[in-house]
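Here the structure is laid out as structure tokens; the discussion comes afterwards.
The values are calculated or read from the model by the stated rules, or taken from the named source; none is laboratory data. Computed from a predicted model, the values in this text were never measured in an experiment. For neighbour counting, all protein chains shown are included, and Cβ atoms are generated from backbone atoms with ideal geometry for every residue, glycine included.
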């Protein structure tokens, strides 16, 4: 009875958390879309390129700033008040050191790219490290206790404040400074909002408090994240240093458009999944059920968005960004494929973190990420499209390796995760191709007709895909997600409904 009650309580918490987080993400998507549409018309690719060049280098500091301690606090079975306080001061201290380091490095950053505009921008952005360092454990505390409404509210307040500041400065003719100040205002407003919604307040740091477990977990995780960061930002560094700010601005906007659905779905999914999966480590069947359902839900959402976006990219980018961003269309179409494989790999990331396997995660990244870096550098010989293609190919190669690695070190259901990913790839690849072919004969400037006809063809292709039993089962499982959480488990699995096809 106690176990059943615990399952129902955990399921109810996860259900509320998922509903709140998805609702909040809808608001964040709307705010982010508004920012993309408005700022793209007020600023130039060169303005975005300036910010992207700086962030590609100093962004590595965000990995150090967190030091994996937010995930460590969420994953831990128990965290005392003294431990939370010490974690707060560690993150704050790291943030302060990084802010000073970026100030010292601002001159060399400008020299590396040969662009003096970058030094003052780097000096301004250095303040975000301190602000984000202070906020790290406030976020982790709310996440661990599944206070998703409060956390999401604080983040939305910060996002809106940053967007308002960015638009106001862009209208005033501030150019790339509008983007830089948007980042600073976002971090500051989020921290103020977190103080308002979090009851916890850190005390003074204390000695004699056991911290080794957190630091070991965080150390392994930050090592893996550093290698991942290098592999995912070498493209921006290569483009910015060889082709300039305007070319990087086009690539950056295409990459950010690809990344938007991933961030808006993966991040909240991880927010809910990590604390729940961490509590299900000793229940392999429930663990497999939850991680499989979470991956299915995520892949179908992201697959639909990216496949349709890839098929109708010319019309979508014209509407969202304007004519001056037409050069981003082929870049986005290539990167959309990479986005799907990134989403497919996220379930293995949940496995590594929820089971505390950060050492294995580090080893996986050390073994595979140099492959991605090497391919991207080779791809740069063929310009921006070569970089995008190399990034996509390497991302696709790393997905099956991640599944094999996770299966080697854990009892995670990697075969099921692999089949889920392949099924979603085939279904949404088919639907995207149908959407693209249905609009080939339409005039390029008939953007409304292209999107309308393309959407109808996309939906028709998905309806036709329902003849596949396994995909039909996925749809039923997603429809039953609320019942799954309310009951503490047991949404229908493919075996319980019909044989997978």
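Kindly list the number of the only condition in (1) exposed (fewer than 15 other Cβ atoms within 10 Å of the Cβ); (2) at pLDDT 90 or above; (3) over 25 Å from residue 316 (Cβ atoms) that fails for residue 464.
Of (1) exposed (fewer than 15 other Cβ atoms within 10 Å of the Cβ); (2) at pLDDT 90 or above; (3) over 25 Å from residue 316 (Cβ atoms), only one is false for residue 464: (3).
Working only within the stretch 179-214, note down all residues that are in contact with a helix residue (DSSP H, G or I) (Cβ under 8 Å, 6 or more places away or on another chain) and in a loop (DSSP other than H, G, I, E, B).
198, 200, 202, 203, 204, 205, 206, 209, 210, 211
Looking at 422, 437, which one is within 23 Å of the chain's Cα centre (by Cα), surrounded by fewer than 20 Cβ atoms within 10 Å (Cβ to Cβ) and in a helix (DSSP H, G or I)? Steps first, please.
Numbers: 437 fails: within 23 Å of the chain's Cα centre (by Cα).
Just one listed residue meets the conditions, 422.
Tell me which residues, restricted to the stretch 398-419, are assigned to a helix (DSSP H, G or I) and surrounded by fewer than 15 Cβ atoms within 10 Å (Cβ to Cβ). Spell out how you get there, then give the answer.
Let us first name the residues in the stretch 398-419 that are assigned to a helix (DSSP H, G or I), namely 398-409, 414-419.
Passing the criteria: 404, 408, 415.
Pick from 257, 194, 277: which is within 30 Å of residue 323 (Cα to Cα), buried (at least 22 other Cβ atoms within 10 Å of the Cβ) and modelled with pLDDT of 75 or more? Step through it out loud before you land on a result.
Working: 194 fails: within 30 Å of residue 323 (Cα to Cα); 277 fails: within 30 Å of residue 323 (Cα to Cα).
None of the others qualify; the one that does is 257.
Would you call residue 100 within 29 Å of residue 236 (Cβ to Cβ), touching a residue at least 24 places away in the same chain (Cβ under 8 Å) and out of contact with any helix residue (DSSP H, G or I) (no Cβ under 7 Å at 6 or more places or on another chain)?
Numbers: within 29 Å of residue 236 (Cβ to Cβ): yes; touching a residue at least 24 places away in the same chain (Cβ under 8 Å): yes; out of contact with any helix residue (DSSP H, G or I) (no Cβ under 7 Å at 6 or more places or on another chain): yes.
So residue 100 fits the description; yes.
In the stretch 18-76, which helices (runs of 4 or more DSSP H) lie fully inside it and hold 1 or more residues that are buried (at least 19 other Cβ atoms within 10 Å of the Cβ) and modelled with pLDDT of 75 or more?
Working: elements: 45-58, 60-66, 69-75.
Once the helices (runs of 4 or more DSSP H) in the stretch 18-76 are filtered for at least 1 residues that are buried (at least 19 other Cβ atoms within 10 Å of the Cβ) and modelled with pLDDT of 75 or more, what remains is 45-58.
Would you confirm whether or not the stretch 226-237 contains a residue that is within 30 Å of residue 434 (Cβ to Cβ), surrounded by fewer than 21 Cβ atoms within 10 Å (Cβ to Cβ) and either modelled with pLDDT under 85 or not assigned by TED's automatic domain parsing to the domain that holds residue 156 (or both)?
Filtering the stretch 226-237 for residues within 30 Å of residue 434 (Cβ to Cβ) gives none.
No; the residues of the stretch 226-237 include none that is within 30 Å of residue 434 (Cβ to Cβ), surrounded by fewer than 21 Cβ atoms within 10 Å (Cβ to Cβ) and either modelled with pLDDT under 85 or not assigned by TED's automatic domain parsing to the domain that holds residue 156 (or both).
Inspect the stretch 95-109 for any residue being over 20 Å from the mean Cα position of the chain (by Cα), within 30 Å of residue 276 (Cα to Cα) and at pLDDT below 90 and give the result as yes or no.
If we filter the stretch 95-109 for residues that are over 20 Å from the mean Cα position of the chain (by Cα), which is where we start, we get 95-109.
Filter once more, so that each one left must be within 30 Å of residue 276 (Cα to Cα): 95.
Those left that are additionally at pLDDT below 90: 95.
Yes, the stretch 95-109 contains a residue that is over 20 Å from the mean Cα position of the chain (by Cα), within 30 Å of residue 276 (Cα to Cα) and at pLDDT below 90.
Can you tell me which of 318, 306, 335, 301 is over 15 Å from residue 258 (Cα atoms) and touching a helix residue (DSSP H, G or I) at 6+ places or on another chain (Cβ under 6 Å)? Walk me through how you get there before you give the answer.
Working: 306 fails: over 15 Å from residue 258 (Cα atoms); 335 fails: over 15 Å from residue 258 (Cα atoms); 301 fails: over 15 Å from residue 258 (Cα atoms).
On inspection, the qualifying residue turns out to be 318.
Within the stretch 86-102, can you find the residues that are within 16 Å of residue 62 (Cβ to Cβ) and buried (at least 17 other Cβ atoms within 10 Å of the Cβ)?
Restricting attention to the stretch 86-102, the residues satisfying the condition of being within 16 Å of residue 62 (Cβ to Cβ) are 90-102.
Matches in the stretch 86-102: 90, 91, 92, 94, 95, 98, 99, 102.
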